[in-house]
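Here's the structure, in structure tokens; my notes come after.
The values are calculated or read from the model by the stated rules, or taken from the named source; none is laboratory data. Source: prediction; values computed, not measured. All Cβ positions, glycine included, derive from the backbone under ideal geometry; neighbour counts span all protein chains shown.
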Amino acid sequence: MASSGPRSLRLAGRVADGVLFQVGADPALVRYALRSIAAGAGRDPGSVTRYVRLACSVGADRERVREAAKGYAAVAAGTVFANVPREHVPPDVWEDIRQMKERYDYYEHGSAAAPHTDLLTDRALRCSDVGREKIRASLGELAAPALAVFRDRSACSPSPVAF
């Protein structure tokens, strides 16, 4: 079952064999989703297979990496804005996403070339020049809460690779 909001995450925990959720790449937001799934489970939350959906672009050229991720990231940011309770989203990120959503053009939904994607800040994209080991540590923090599958799709690679 695909889910992002608190009620549907709880429902997924109660009735689904698995849940695919999209709440962004911030580990606190992933923990929010996992807590919501567990709250609805009424059973061993480990019996629900959990998948996080997110864009991850890694490469030596920061601007290329940012460009590769921003079309999908704009869609995902809109999902977070519409579904995740505000108290779970850092205030500065909430404001960044709100400003992007005000100018979002659904005619260009998902396009990295859409003008509204230029409004995505590094805070909303979680962009940084952190180096390979720090990226692995950050992704590991996302995968640590017992997610069933974690995939990384590199901007430089045509196919996903297991983390």
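What the table shows:
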read-out	value
Failed condition for Leu142, given (1) at pLDDT 85 or above; (2) in a helix (DSSP H, G or I); (3) not small (Gly, Ala, Ser)	(1)
Counted residues, the range 52-70 - those being surrounded by 20 or more Cβ atoms within 10 Å (Cβ to Cβ) and either of a type in the set (Phe, Trp, Tyr) or assigned to a helix (DSSP H, G or I) (or both)	4
Single residue of Val65, Val130, Val58 found to be modelled with pLDDT under 85, in contact with a Gly (Cβ under 6 Å, 6 or more places away or on another chain), farther than 26 Å from Gly13 by Cβ and not small (Gly, Ala, Ser)	Val65
The range 34-51: number of residues that are assigned to a helix (DSSP H, G or I), of a type outside the set (S, T, N, Q) and more than 16 Å from Arg7 (Cβ to Cβ)	2
Filtered residues of the range 1-21 (kept if within 18 Å of Trp94 (Cβ to Cβ) and crowded, with 21+ Cβ neighbours inside 10 Å)	Ser4
Lone unmet requirement of (1) at pLDDT below 80; (2) surrounded by fewer than 19 Cβ atoms within 10 Å (Cβ to Cβ) for Thr49	(1)
Qualifying residue in the range 6-22 (condition: in contact with a Gly (Cβ under 9 Å, 6 or more places away or on another chain), assigned to a helix (DSSP H, G or I) and within 19 Å of Arg126 (Cα to Cα))	no
Matching residues, the range 95-127, being in a helix (DSSP H, G or I) and surrounded by 18 or more Cβ atoms within 10 Å (Cβ to Cβ)	Asp96, Ile97, Met100, His116, Thr117, Leu119, Ala124, Leu125
Leading residue by the ranking (modelled with the highest pLDDT) among those in the range 23-33 that are assigned to a helix (DSSP H, G or I) and out of contact with any Leu (no Cβ under 8 Å at 6 or more places or on another chain)	Tyr32
Candidates Val48, Val84, Val65, filtered to the one that is at negative phi, of a type in the set (Val, Ile, Thr) and touching a Pro at 6+ places or on another chain (Cβ under 9 Å)	Val84
Residue satisfying all of: in the range 23-46; among the small types (Gly, Ala, Ser) and farther than 20 Å from Leu125 by Cα; nearest to the chain's Cα centre (by Cα) among these	Ser36
Subset of the range 32-46 [surrounded by fewer than 22 Cβ atoms within 10 Å (Cβ to Cβ) and either under 17 Å from Phe81 (Cα atoms) or among the hydroxyl-bearing types (Ser, Thr, Tyr) (or both)]	Tyr32
